[in-house]
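Presented below is the structure to which this report refers.
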Amino acid sequence: MPHAKTFFRLLQPYVVVVHTPRYALGMEIVGLGVDLAEVSRVRHLLARDPERFRSRCFTDDEWAYGHRFNDPSERLAARFAGKEAVMKSMFTGWRRIPWKDVEITGGGPPRVKLHGKAAKRAEMLGIVDFKITITHTGDTALVFVVSLGEHKT
Ligand SMILES: CC(C)(COP(=O)(O)OP(=O)(O)OC[C@H]1O[C@@H](n2cnc3c(N)ncnc32)[C@H](O)[C@@H]1OP(=O)(O)O)[C@@H](O)C(=O)NCCC(=O)NCCS
């Protein structure tokens, strides 16, 4: 019988440690969503009628977060793409869910907050959480979303 240390060293090449967050245990993927937004399109909408764009599409926190930056278009484009990606992950779109009912937080890792019809739809589908990741450049914003429900056996 080899010494314990030697035993584990022999095993090492075959051991992969997977850190599964505790909350992820017992969860299953309900849906996926992805969306790409052109920053120039958002810049154009912002220049044309900012008040209309704000009141139709963004929560106060999203608007304030975007305006922390010299050019708010990039962050707002990311939030816009994020809303569509979340809707896709719930098998629906902007014709059924008002834009402001899906909120994407800003500052550090993003999170999804649902209101009104979006929250009702998530409840109907058994969605209890979302995982979201965002990337953007001066030209485009890309968002990927996973909706999660509790695993049913
Ligand atoms: C977070 C980071 C990877 C973003 O990469 P980037 O190439 O600069 O920018 P991207 O366009 O790809 O991504 C930006 C998005 O990343 C997301 N993001 C920010 N911080 C994040 C984090 N800690 N984890 C996951 N996503 C994060 C945000 O949604 C952000 O978009 P937003 O500003 O519109 O909210 C990079 O800025 C970084 O490494 N920062 C250091 C953060 C860090 O190490 N913090 C430690 C604190 S404990």
Compute the orientation-averaged projected area for the stretch 29-150 from the convex hull of its Cα atoms and round it to one decimal in nm². 6.7
Per the 1/(1 + (r/R0)^6) rule, R0 = 35 Å and r from the Cβ atoms of Ile29 and Asp49, FRET efficiency to 0.05 is 0.35
Taking the Cβ of Thr59 as the centre, find all other residues whose Cβ is under 14 Å away and add up their charges (Lys, Arg: +1; Asp, Glu: -1). +3
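Bear in mind these aren't lab numbers, they're just calculated from the coordinates by the rules spelled out. Values in this document were obtained by computation on a predicted structure and should not be read as measured data. All Cβ positions, glycine included, derive from the backbone under ideal geometry; neighbour counts span all protein chains shown.
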